[in-house]
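Quick notes on the structure that follows.
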Amino acid sequence: MKTCRKLDGRRIVANRRLACYLRSMHVAFALFADAANLSQEGKLNILGVFDALQVGTLPALHPRATLVVHLKGSALDVGSHRVTLQWMSPSGNELWSSEGELGVATPPQGVIEMDFPLIAQLDLPLDQGGGYVMRVGLDGDTRAEVPLQVRAPGAPTAAAAPKWMS
């Protein structure tokens, strides 16, 4: 009987040959885009990826930005997971937050990894120039931070660097 620890160090898995190499649910990538959808074949289509905005005046509202989060998981992740989003200003203030549940069903026999694309159309309030961050949380832990640089005439800016937590 072989026992090993998952790569994230959270659970011990016994008697599963491939489980030694599996991680718990994680963010493969997260980004802002103009649009995204899933095709009939289940392919994720993303159009107009961006990480910066130029606005005429502040405060402003960027309408209908699309946040794309690509989660990956395995049979070890079956159950309910809490997904959270937090929109943070350059000064570190939370401008809004939202949460929801992601239910993971048992995959078919032989499936090792599952994809869970999350597509959210959002209105982004912008109160100042600088580096904004969308925090993506999973089960209470921040797993990714998606930066967005906002520039306005005469507004000072500071760059935000992406942080991958998973």
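The values are calculated or read from the model by the stated rules, or taken from the named source; none is laboratory data. Just so it is clear, the structure is predicted and the values come from calculations on it, not from any experiment. Because the Cβ atoms are built from the backbone with ideal geometry, glycine has one as well, and the counts that use them run over all protein chains shown.
Is there a residue being closer than 23 Å to residue 39 by Cα and without any contact (Cβ under 8 Å) to a residue 60 or more places away in the chain anywhere in region 125-139?
Looking for residues that are closer than 23 Å to residue 39 by Cα and without any contact (Cβ under 8 Å) to a residue 60 or more places away in the chain, one finds none in region 125-139, hence no.
How many residues does region 129-158 hold that are surrounded by fewer than 17 Cβ atoms within 10 Å (Cβ to Cβ) and on the phi < 0 side of the Ramachandran plot? Give the derivation first.
Pass one, region 129-158, residues surrounded by fewer than 17 Cβ atoms within 10 Å (Cβ to Cβ): 139-142, 151, 153-158.
Filter once more, so that each one left must be on the phi < 0 side of the Ramachandran plot: 141-142, 151, 153, 155-158.
Final tally of qualifying residues: 8.
So for region 55-72 (the condition being in a loop (DSSP other than H, G, I, E, B), over 28 Å from residue 95 (Cα atoms) and at pLDDT below 95), does at least one residue qualify?
Within region 55-72, none of the residues are in a loop (DSSP other than H, G, I, E, B), over 28 Å from residue 95 (Cα atoms) and at pLDDT below 95.
When both residues are 6+ apart or on different chains and their Cβ atoms are under 7 Å apart, which pairs have a first residue that lies in region 35-55 and is free of Cβ contacts under 8 Å to residues at least 12 places away in the same chain, and a second that is exposed (fewer than 10 other Cβ atoms within 10 Å of the Cβ)?
Listed pairs, sorted by first residue: 45/39.
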